[in-house]
Amino acid sequence: MRDFEQPGRSAVFAERGICATSHPAAALAAVDVLRSGGNAVDAAIAGAVMLGLCEPQMTGIGGDCFALVNPGGTQDIFAMNASGRAPAGLDAQALRDLGPVVDKNSVHSVTVPGAVDGFCALSERFGRQGIAASLAPAIDLFERGVPVAPRVARDWAKDADRLQGSAREVYLNGGQAPGVGQMFALPGQADVLRRIAAGGRDAFYTGEVAEDMLAGLNALGGVHRAEDFAATKATWEDPITTPYRGYELVEHPPNGQGAAALLLANILGHFDMAGMDPMGAARIHLEAEATKLAYGTRNALLADPAHMADAAALQDPALAAKLAAKIDPNRVADFGAGISGAAHKDTIYITVVDEDRMAVSLIYSVFHSFGSGIASPKFGILMQNRGAGFSLEQGHPNEAGPGKRPMHTIIPGMLRHGGKVIMPFGVMGGQYQATGHVRLMSDMVDFGFDPQTSFEKPRAFAVDGALEMETGYDAALCAQLEQMGHRVIRPETPIGGAQAIRLLENGVLEGASDPRKDGCALGY
């Protein structure tokens, strides 16, 4: 139990249903849907879409989503991939002629948004009330507006210069990011949501809405065509899993980086984590070295599964054992190339469990802050820049190409124990997510932390040749890690955010929400 004389949050406990996410308005919308008779899928869609208004720098209907769904009363988990594809006219050589990487601010970084098709597919397969009911709360608030929350205001001001063209008119007030407590609305997107509620996914991917997105992209030299949008379709896949000390980590398969989380867990499984100080240098060092190895392997292999030579290679226990043997527990080793790609920390995550114990783990993003910075001229739909996740290395499995899905960093997670789903969860923070998944699981399994306690501990992350350490770690610990060979820096922003719902043995639901964000867990 936490020290009530120190800053912190209590976990939220509920009997019937609960939501945990990064903004209170979205959590409330989800719980209202549950109370009106909707199930966890209906509620998760309602809350997720709401976050496109509440945290527009993080997500929106111009982005992608992934989800894991456990229908309740069974150990079965279904994985939905609603990530969009590159346009059919994309030419990798033409992009190489422009530079060594896909420019994150370029129209060529824009892949077709998959989230709307994903929400409709989720609703059709597992929802109870229909897509129109799930969109109704968001339609109202997109029209009326919401007050800007503190963390959102900070992120908005920091990245406002990424907005370009008509996006500046939609997402800025007189050229300035809105401040804390100021109202922000997206009436153009309220109109789009009404159309989707009435006409389903076709109202977004064909007709006037699609034409608006195409007009904005083609005016900037994009090769996107109407056929690219019309063909967008979410896919249903089998999740991937690995055991960890009697528990089972469940992840979404590629093209997301869930396989990197499994590999990292398998590497750490070769070490006595429980024998370490959970806040000490030995654990931080080990996680950092294992992260470098897992992510380096991810960067070499992970892609659209249709273009991976061996999609199961990252789950091979022999690979984990080989990588674990490379780690020196006392010194930083040179593993060669590490994590590549521009840093980003811009994602939302929502999890909902309902009265029947259906559990949803859903993550939804436009990639970098404000995505590409490009918005459609009429409706103000902000377009993601997931194409910046492609490689331009010729012959690489993740090489940019027509109709391909790029490697994604966003991953929903679940934890099973004894054949039962015991926790849907997610950890935001771009590249950090795979490390964050394993850190949370290790905190619980190796050290006995509850999820809320885990979220409130400081984080460290090895990225771009440095070890980012939040200010919760003191100078003496940082110095100790520097002596081991790490280049310690303080991160520009807090490392990630997280949400989780734990299904307790007595039937009670326990919701946890990361204080790094503005959100909360709410239940009834």
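Return yes when Ala320 is part of a helix (DSSP H, G or I) and touching a Gly at 6+ places or on another chain (Cβ under 9 Å) and no when it is not.
yes
Of all residues in the stretch 1-34 being more than 20 Å from Glu510 (Cβ to Cβ) and of a type in the set (D, E, K, R), which is surrounded by the fewest Cβ atoms within 10 Å (Cβ to Cβ)?
Across the stretch 1-34, the extreme among qualifying residues is Glu5.
Among the listed residues Gly403, Gly436, Gly413, Gly465, identify the single one that is out of contact with any strand residue (DSSP E or B) (no Cβ under 6 Å at 6 or more places or on another chain) and modelled with pLDDT of 95 or more.
The conditions single out Gly403.
For the stretch 166-183, indicate whether the set of residues that are crowded, with 22+ Cβ neighbours inside 10 Å, in a helix (DSSP H, G or I) and polar (S, T, N, Q) is non-empty.
Within the stretch 166-183 (the criterion being crowded, with 22+ Cβ neighbours inside 10 Å, in a helix (DSSP H, G or I) and polar (S, T, N, Q)), the answer is no, since none of the residues qualifies.
Might you let me know whether the stretch 191-212 holds any residue that is under 23 Å from Ser83 (Cβ atoms), touching a Gly at 6+ places or on another chain (Cβ under 8 Å) and either touching a residue at least 24 places away in the same chain (Cβ under 8 Å) or in a strand (DSSP E or B) (or both)?
Checking the stretch 191-212: not a single residue is under 23 Å from Ser83 (Cβ atoms), touching a Gly at 6+ places or on another chain (Cβ under 8 Å) and either touching a residue at least 24 places away in the same chain (Cβ under 8 Å) or in a strand (DSSP E or B) (or both).
Please return the ranges of helices (runs of 4 or more DSSP H) entirely within the stretch 391-484 where 1 or more residues are surrounded by fewer than 24 Cβ atoms within 10 Å (Cβ to Cβ) and either in contact with a helix residue (DSSP H, G or I) (Cβ under 6 Å, 6 or more places away or on another chain) or of a type in the set (Gly, Ala, Ser) (or both).
On the way: elements: 433-447, 451-456, 475-483.
Counting at least 1 such residues, we get 433-447, 475-483.
If you scan the stretch 41-55, which residues turn out to be among the small types (Gly, Ala, Ser) and under 17 Å from Ala521 (Cα atoms)?
Start the filter on the stretch 41-55 by keeping residues that are among the small types (Gly, Ala, Ser), which leaves 43-44, 46-48, 52.
Selection gives Ala43, Ala44, Ala46, Gly47, Ala48.
Determine, yes or no, whether Pro254 is surrounded by 18 or more Cβ atoms within 10 Å (Cβ to Cβ) and not in a helix (DSSP H, G or I).
Considered against the rule, which asks whether it is surrounded by 18 or more Cβ atoms within 10 Å (Cβ to Cβ) and not in a helix (DSSP H, G or I), Pro254 comes out as yes.
Output the residue which, of all residues in the stretch 268-284 that are outside any helix (DSSP H, G or I) and aliphatic (A, V, I, L, M), is surrounded by the most Cβ atoms within 10 Å (Cβ to Cβ).
Met276
State yes or no: is Ala215 small (Gly, Ala, Ser), free of Cβ contacts under 8 Å to residues at least 60 places away in the same chain and surrounded by fewer than 17 Cβ atoms within 10 Å (Cβ to Cβ)?
Criteria not met by Ala215.
Can Gly63 be described as within 15 Å of Ile45 (Cβ to Cβ), in contact (Cβ under 8 Å) with a residue 60 or more places away in the chain and in contact with a Cys (Cβ under 6 Å, 6 or more places away or on another chain)?
No: the conditions fail for Gly63.
Of the numbered conditions (1) under 24 Å from Ile363 (Cβ atoms); (2) in contact with a helix residue (DSSP H, G or I) (Cβ under 7 Å, 6 or more places away or on another chain); (3) small (Gly, Ala, Ser), Ala115 fails exactly one; give the number of that condition.
In the conditions (1) under 24 Å from Ile363 (Cβ atoms); (2) in contact with a helix residue (DSSP H, G or I) (Cβ under 7 Å, 6 or more places away or on another chain); (3) small (Gly, Ala, Ser), Ala115 misses (2) alone.
Looking at Ile374, Ile381, Ile363, can you tell me which residue is in contact (Cβ under 8 Å) with a residue 40 or more places away in the chain and farther than 27 Å from Gln129 by Cβ?
Working: Ile381 fails: farther than 27 Å from Gln129 by Cβ; Ile363 fails: farther than 27 Å from Gln129 by Cβ.
Checking each option against the conditions leaves just Ile374.
Restricting the stretch 345-391 to residues that are of a type in the set (Val, Ile, Thr) and modelled with pLDDT under 95, which is nearest to Asn39 (Cα to Cα)?
For the stretch 345-391, the residue satisfying everything is Ile348.
Given the condition of a type outside the set (Val, Ile, Thr) and under 30 Å from Asn70 (Cβ atoms), answer yes or no: does some residue in the stretch 210-224 qualify?
no
Pick from the stretch 320-343 the residues that are of a type in the set (A, V, I, L, M, F, W, C), more than 21 Å from Leu481 (Cβ to Cβ) and modelled with pLDDT under 95: which of them is surrounded by the most Cβ atoms within 10 Å (Cβ to Cβ)?
My answer is Ala342.
Among (1) free of Cβ contacts under 8 Å to residues at least 40 places away in the same chain; (2) more than 27 Å from Gly436 (Cα to Cα); (3) not acidic (Asp, Glu), which single condition is Gly418 missing?
So Gly418 meets the others, but not (2).
Regarding the stretch 105-128, can at least one residue be identified that is more than 29 Å from Arg194 (Cα to Cα) and modelled with pLDDT under 95?
Looking for residues that are more than 29 Å from Arg194 (Cα to Cα) and modelled with pLDDT under 95, one finds none in the stretch 105-128, hence no.
Within the stretch 290-317, can you find the residues that are assigned to a loop (DSSP other than H, G, I, E, B) and surrounded by fewer than 15 Cβ atoms within 10 Å (Cβ to Cβ)?
Passing the criteria: Ala309, Asp310, Ala312, Asp316.
Write out, first by first residue and then by second, each pair whose Cβ atoms fall under 7 Å of each other, whose residues are 6+ apart or on separate chains, and whose first residue, in the stretch 105-126, is farther than 30 Å from Arg357 by Cα while the second is modelled with pLDDT under 95 and surrounded by 21 or more Cβ atoms within 10 Å (Cβ to Cβ).
none
Out of Val116, Val112, report the one residue that is of a type in the set (Val, Ile, Thr), under 21 Å from the mean Cα position of the chain (by Cα) and not in a loop (DSSP other than H, G, I, E, B).
Only one candidate passes the filter, namely Val116.
Which one of Gly89, Gly60, Gly37 is among the small types (Gly, Ala, Ser), crowded, with 24+ Cβ neighbours inside 10 Å and outside any strand (DSSP E or B)?
Only one candidate qualifies: Gly60.
Could you tell me which residue of the stretch 231-258 is farthest from Val427 (Cα to Cα), considering only residues that are under 25 Å from the mean Cα position of the chain (by Cα) and of a type in the set (Gly, Ala, Ser)?
Of the residues in the stretch 231-258, the ones under 25 Å from the mean Cα position of the chain (by Cα) are 231-244, 247-258.
Pick out the ones that are also of a type in the set (Gly, Ala, Ser) and you get 231, 234, 256, 258.
Details: Ala231: 31, Ala234: 22, Gly256: 14, Gly258: 12 Å.
Within the stretch 231-258, the match that is farthest from Val427 (Cα to Cα) is Ala231.
For Glu287, all conditions in the list (1) part of a helix (DSSP H, G or I); (2) farther than 18 Å from Gly336 by Cα hold save one; what is the number of the exception?
(2)
Give the residues of the stretch 493-522 that are outside any loop (DSSP other than H, G, I, E, B) and within 22 Å of Gly448 (Cβ to Cβ), sorted by residue number.
Within the stretch 493-522, Ala498, Gln499, Ala500, Ile501, Arg502, Leu503, Leu509, Glu510, Gly511, Ala512, Ser513, Ala521 qualify.
Quick check on my filter: what residues within the stretch 63-84 are assigned to a strand (DSSP E or B) and over 15 Å from the mean Cα position of the chain (by Cα)? Step through it out loud before you land on a result.
Filtering the stretch 63-84 down to residues assigned to a strand (DSSP E or B) leaves 64-70, 78-82.
Val69, Asn70, Phe78, listed by residue number.
The values are calculated or read from the model by the stated rules, or taken from the named source; none is laboratory data. Just so you know, these numbers come straight off a predicted model, no measurement behind them. FYI the Cβ positions are ideal-geometry reconstructions off the backbone, even for glycines, and counts take in every protein chain you see.
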